[in-house]
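Visitor: Provided herewith is a single structure, encoded as structure tokens, for subsequent inquiry.
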């Protein structure tokens, strides 16, 4: 075959960003509606400070994107946030200096992530969902054992800066989040580690045959998830000023919802981090707008549910052409006795 | 009664952008075994789908017993007694054989809707007995071997009283002895009056079994021949449309010093005391029946599966390999048997597939270098002649042979000394096979040591310098290829008294 016959230019086009564009349009629509609801809404200040209400949770979305690209689900991150927050408060109240308590919190959360990853490596026959479901109850259980039904707090006044402070006109948490998001985007899309995450999520067996240490990837991503849960814990505790064992309830579900809404396929291997980043702000501002109208949080859940179903449908729809490839159609979904033969041949149009 | 139980006249089928079949004829006599042959993409599959009612022909007519018929759905074809057995058995492994056989057409009490299991079981026993099955209807499907599962599939076809049985590549996953059993069963069915359409890539199957053969090429009807007296060269020429003067390319690799040696490799329950060596530029064929343990041996060499004992030497130095990463670092590469599951990320483009096994070489400080990746991908796809429209095309869009070349390209991104090829030509068409042989020779000439696992006897004899035969997990013989014949290899692979012949000095 002559060299010239191979097209060597990367195909480009907006069509691969369809879902992100859709999310941005939704985001704009939400803001238009919000600005009608409140005359004070459409100012830069509101725009910059509103994220302070929801960004603590958003730190969980970054590693959740990696986990779902790996083809897994982690439901324990909310419990890690609670356990970490409780341990930080208790150790501070027991006399540990606050900076050290914060470092301790990050260490504890990363360790929790390590435990999740370690169990997944050791018990390969169990799904990540089941493993993190068990650690979810264990982590939250420990938080309850430590603090029972009390709350802990009385943090030094500077600690509230994390959630409430501004650098210039920009909230501190927004700056930290943007930095974290950039770091995660860079890791996922330009590094070897990121490439391997996509590889493991797309075809773990092929990775093992290609000399990729899939265990390390899974462990690494789990620990990142723990670390980010620690960040969430710091900001959340700072925002509330005190903590209880039941904080960050359902945070994992919110994080999963934002990730999936962002277009990350739960089959693994597909999606970009830009989608989840947009959906964080979409849902956050939607929630804020509903708050302006005193609409209850349950309505948000209903809206979110609809959006999720929509995103899954769209993914399914856009995936469909791919299903013509032989490996996907091999699932014997509707085999009749005469045979619908769709799975019989590695029959490719080019055929040698 | 008509001359033909099934006749297809002037059948054409279009798909968007491609004509899958053009003016194809097919005539099936009652109680005959009729082979359909052709390369991948020749249209066999489409033809079968038309016969089974999955597709509707755009032009042409189908006659059943001389009467024109029109299949609106697979059910219509099934009612006329057309049934199919596929290469990849699509069964329900957790259900019993009995349930699998009658799935979808159980007889049940009209009032209580209770299934007549006792009656069905008797039927199943009779069916299985007629097929010489050595398992009970209550066995769970998943516990059976692939050959046994195929028998169940055949029983399933017969349970709906099939007059025409389509067998699509049934022998591909079977060992030689299992094939013989299948041949016998097939002939038995024919003797009972069933007409059989037999599709296979293996020419031996056709010669052994079929009375007539219809050849397709690129969707066109080429010819129907009587098999007895048909010259193989003529058949192959019909399939590929060209005279294949040199099926196995001639070999010029200079064989050098020993590059790899394994001693006493054992894994309980899989293989025991395996020793052999490979020299630079040498192709060593590892052959034997399917299931003899060849793949397990090589996966153990590559660190994918464990071993209990054994020492590996690379260029005279003992090495330890426990993971595939270590194997690659030492310079051992492996082309796995299942290219779709184990070899490729089908959803990825060619570039990312090629660099997957050696990402380290294409990144700086942990960051990928896409331009370097693209350079090597262009270089390797060019030198291996991977046929693709686009290096950003997905691996799933390539044909089987080109997918294999893609995996070879992936191996070549690492600095290798030894390359293990597990069934490199399995499921690829004749033309692509020749290409792969050419690549193997090219690699040998470049000084790689090559281990080739193969079940195809002509390939083993035509492509190797040395042949190691594995039987039931043990090395039963080693031949210098010029000393080997199909008979001696087969004897070593199948019989306990295979001679330990002509061991040659490493």
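Visitor: How far apart, in nanometres, would the label points at residue A:18 and residue B:480 be if each is projected 7 angstrom from Cα along the Cα-to-Cβ direction?
Guide: Using points 7 Å along Cα→Cβ, the separation is 6.4 nm.
Visitor: Applying 1/(1 + (r/R0)^6) with R0 = 35 Å to the Cβ-Cβ distance of residue A:127 and residue B:364, what FRET efficiency is obtained, to the nearest 0.05? Provide the component values of the computation, followed by the final result.
Guide: Details: r = 36 Å, r/R0 = 1.03.
It comes to 0.45.
Visitor: Whole number please: convex hull volume per residue, Cα atoms of chain B, in Å³. Show your work: numbers first, answer last.
Guide: Working: hull volume 90.7 nm³, N = 506.
Cα-based convex hull of chain B, divided per residue, equals 179 Å³.
Visitor: Arrange the peptides B:53-61, B:469-477, B:110-118, A:211-219 so that the one whose residues have, on average, the most other Cβ atoms within 10 Å appears first.
Guide: Working: B:53-61: 18.0, B:469-477: 21.7, B:110-118: 9.9, A:211-219: 19.8.
Highest mean packing first, the order is B:469-477, A:211-219, B:53-61, B:110-118.
Visitor: Okay, next question. Please arrange B:318, A:20 by how many other C-beta atoms lie within 10 Å of their C-beta, fewest to most.
Guide: B:318, A:20
Visitor: Considering every residue in B:385-398, what mean count of other chain Cβ atoms within 10 Å of its Cβ is obtained?
Guide: Other-chain Cβ atoms within 10 Å of each residue's Cβ, averaged: 4.
Visitor: Over the Cα atoms of region B:6-240, what is the Rg over Rh ratio if Rh follows Kirkwood? Don't skip to the end; give the middle numbers.
Guide: Values: Rg = 18.2 Å, Rh = 18.5 Å.
Taking Rg over the Kirkwood Rh, I get 0.98.
Visitor: If I take every Cα pair under 8 Å that is 6 or more residues apart in region B:6-240, average their sequence separation and divide by the length, what percent do I get for the relative contact order? Present the calculation step by step, with values, prior to reporting the outcome.
Guide: Numbers: 427 pairs, mean separation 69.0, N = 235.
After rounding, I find 29 percent.
Visitor: Follow-up question, since we're still on this one. Give the order of B:213, A:314 when sorted by the count of other beta carbons within 10 angstrom, beginning with the fewest. Kindly include the intermediate steps, with their values, before the conclusion.
Guide: Working: B:213 22, A:314 14.
Result, fewest neighbours first: A:314, B:213.
Visitor: By count of other Cβ within 10 Å, fewest leading, how are B:338, B:109 ordered? Working shown, then result.
Guide: Working: B:338 16, B:109 9.
Sorted ascending by nearby Cβ count, the order is B:109, B:338.
Visitor: Right, next: For residue B:323 and residue B:3, what is the calculated FRET efficiency with R₀ set at 51 Å and r taken between the beta-carbons, to the nearest 0.05?
Guide: Numbers: r = 63 Å, r/R0 = 1.23.
Calculated transfer efficiency: 0.20.
Visitor: Please compute the alpha carbon radius of gyration of region A:120-213, then divide it by the globular-protein estimate 2.2 N^0.38 Å. Two decimals is fine.
Guide: Numbers: Rg = 20.2 Å, N = 94, 2.2 N^0.38 = 12.4 Å.
In units of the globular-protein estimate, region A:120-213 measures up at 1.64.
Visitor: Only bridges with both residues in the protein assembly as shown count here: give the DSSP antiparallel percent, nearest 5. Can you show the working numbers first?
Guide: On the way: 51 of 88 bridges.
Expressed as a percentage, antiparallel bridges in the protein assembly as shown total about 60.
Visitor: Here is a further query. P(r) for chain A: what percent of alpha-carbon pairs falls in each 10 Å bin, starting at zero?
Guide: So the P(r) values, bin by bin, are 5, 21, 30, 24, 12, 5, 2, 0.
Visitor: What percent do you get for the relative contact order of chain B when only Cα pairs under 8 Å and 6+ apart count?
Guide: Numbers: 985 pairs, mean separation 71.6, N = 506.
Reported as a whole number, the value is 14 percent.
Visitor: Hey, another quick one. With just the Cα atoms defining each centre, how far is region B:150-196 from region A:251-296? Give it in Å.
Guide: A separation of 54 Å, based on Cα centres.
Visitor: Next up: If one puts a single equal scatterer on every Cα of region A:23-65 and applies the Debye formula without solvent, what log₁₀ I(q)/I(0) results at q = 0.32 Å⁻¹?
Guide: -1.05
Visitor: Right, something else. Remind me, relative contact order of region B:341-413 in percent, using alpha carbon pairs under 8 angstrom and six or more residues apart?
Guide: On the way: 79 pairs, mean separation 34.8, N = 73.
Once normalised by length, the contact order is 48 percent.
Visitor: DSSP beta bridges in chain B, what fraction antiparallel, as a percent rounded to 5? Don't jump to the answer; show the numbers that get you there.
Guide: Numbers: 46 of 82 bridges.
Around 55 percent antiparallel, to the nearest 5.
Visitor: Hey, another quick one. On a C-alpha basis, how far is the centre of region A:35-74 from the centre of region B:50-71 in Å? Whole number, if you could?
Guide: 59 Å
Visitor: Using every pair of alpha-carbon atoms in region B:341-413, split the distances into 10 Å bins beginning at 0 and state the percent of pairs per bin, rounded to integers.
Guide: All Cα pairs, binned at 10 Å, distribute as 22, 58, 18, 1 percent.
Visitor: By how many degrees, between 0 and 90 and to the nearest 10, does the Cα long axis of helix B:400-412 differ from the longest principal axis of chain B?
Guide: Here the helix axis deviates by roughly 20 degrees.
Visitor: What is the helix-to-structure angle for A:172-190, meaning the angle in degrees between its Cα long axis and the longest Cα principal axis of chain A, kept from 0 to 90 and rounded to the nearest 10?
Guide: For A:172-190 against chain A, the angle is about 20 degrees.
Visitor: Using alpha carbons only, how many degrees (0 to 90, rounded to 10) separate the axis of helix A:98-122 from the longest principal axis of chain A?
Guide: 30 degrees
Visitor: Related question: Say a paramagnetic label sat at a point 7 Å from the Cα of residue A:179, along Cα to Cβ; which residues of region A:90-127 have their backbone N under 20 Å from it?
Guide: Output list for this probe position: A:98-110.
Visitor: Ordered by packing density, taken as the mean number of other Cβ atoms within 10 Å over each peptide's residues, highest first, how do B:444-456, B:66-78 rank? Mind dumping the intermediate values first?
Guide: Values: B:444-456: 21.0, B:66-78: 15.4.
Top of the packing list down: B:444-456, B:66-78.
Visitor: Treating only the Cα positions of region B:263-304 as identical point scatterers, give the base-10 log of I(q)/I(0) from the Debye formula at each q in 0.17, 0.18, 0.27, 0.34 Å⁻¹.
Guide: -0.49, -0.55, -1.12, -1.32
Visitor: Multiplying the sequence separation of residue B:385 and residue B:15 by 0.36 nm and subtracting their Cα-Cα distance, what value in nm do you get?
Guide: Numbers: separation 370, 0.36 × 370 = 133.20 nm, distance 2.78 nm.
This chain segment gains 130.4 nm when fully extended.
Visitor: Averaged over its residues, how many other protein chain Cβ atoms are within 10 Å of peptide B:158-166's Cβ atoms? List each step's numbers first, then the result.
Guide: Details: counts 0, 1, 2, 0, 2, 0, 0, 0, 4.
What the average comes to for B:158-166 is 1.
Visitor: Under a 10 Å cutoff between Cα atoms, tell me which one of A:180, A:257, A:225 has the largest fluctuation in the Gaussian network model of chain A.
Guide: Most flexible of the set in this elastic network: A:180.
Visitor: Measuring from label point to label point, each 7 Å out along Cα→Cβ, what is the residue B:143 to residue B:341 span in nm?
Guide: Going by the 7 Å Cα→Cβ label model, 2.2 nm.
Visitor: Can I ask one more? Would you please give the FRET efficiency between residue B:23 and residue A:96, computed as 1/(1 + (r/R0)^6) with r the Cβ-Cβ distance and R0 = 60 Å, to the nearest 0.05? Write down the numbers at each step before the final one.
Guide: Values: r = 85 Å, r/R0 = 1.42.
Once the sixth-power term is evaluated, E becomes 0.10.
Visitor: Would you compute, from DSSP H runs of 4+ residues alone, the mean residue ellipticity of chain A at 222 nm, taking -39500 (n - 2.57) per run and dividing by the full residue count, rounded to the nearest 500? Before the final figure, lay out each step's value.
Guide: Values: 15 runs with 227 residues, N = 352.
Roughly -21000 deg cm²/dmol at 222 nm, from the helical runs in chain A.
Visitor: Extending each Cα 7 Å along its Cβ direction at residue A:161 and residue B:56, get the distance between those two points in nm, one decimal.
Guide: 7.6 nm
Visitor: Sort B:324-332, B:303-311 by packing, meaning the average of other beta carbons within 10 Å per residue, with the highest value first. Please list the in-between numbers first.
Guide: On the way: B:324-332: 21.0, B:303-311: 16.4.
Order by mean packing, descending: B:324-332, B:303-311.
Visitor: Now for a separate question. Which percent, nearest 5, of DSSP beta bridges in region B:6-240 are antiparallel?
Guide: Values: 23 of 41 bridges.
That works out to approximately 55 percent antiparallel.
Visitor: Moving on. Quantify how strongly other chains surround peptide B:45-58 by giving the mean number of their Cβ atoms within 10 Å of each of its Cβ atoms.
Guide: On the way: counts 6, 3, 0, 4, 6, 1, 2, 7, 5, 7, 2, 0, 0, 0.
Per-residue shielding by partner chains comes out at 3.
Visitor: Further question on the same structure: Specify, per residue and in Å³, the volume enclosed by the convex hull of the alpha carbon atoms belonging to the protein assembly as shown. The partial results should precede the final answer.
Guide: On the way: hull volume 184.7 nm³, N = 858.
Cα convex hull per residue, to the nearest whole number: 215 Å³.
Computed from the coordinates by the stated procedures, all read-outs in this text should not be read as laboratory data. As the structure is a prediction and not an experimental result, all values here were calculated from the model. Cβ: placed from backbone, ideal geometry, glycine included. Neighbour counts: every protein chain shown.
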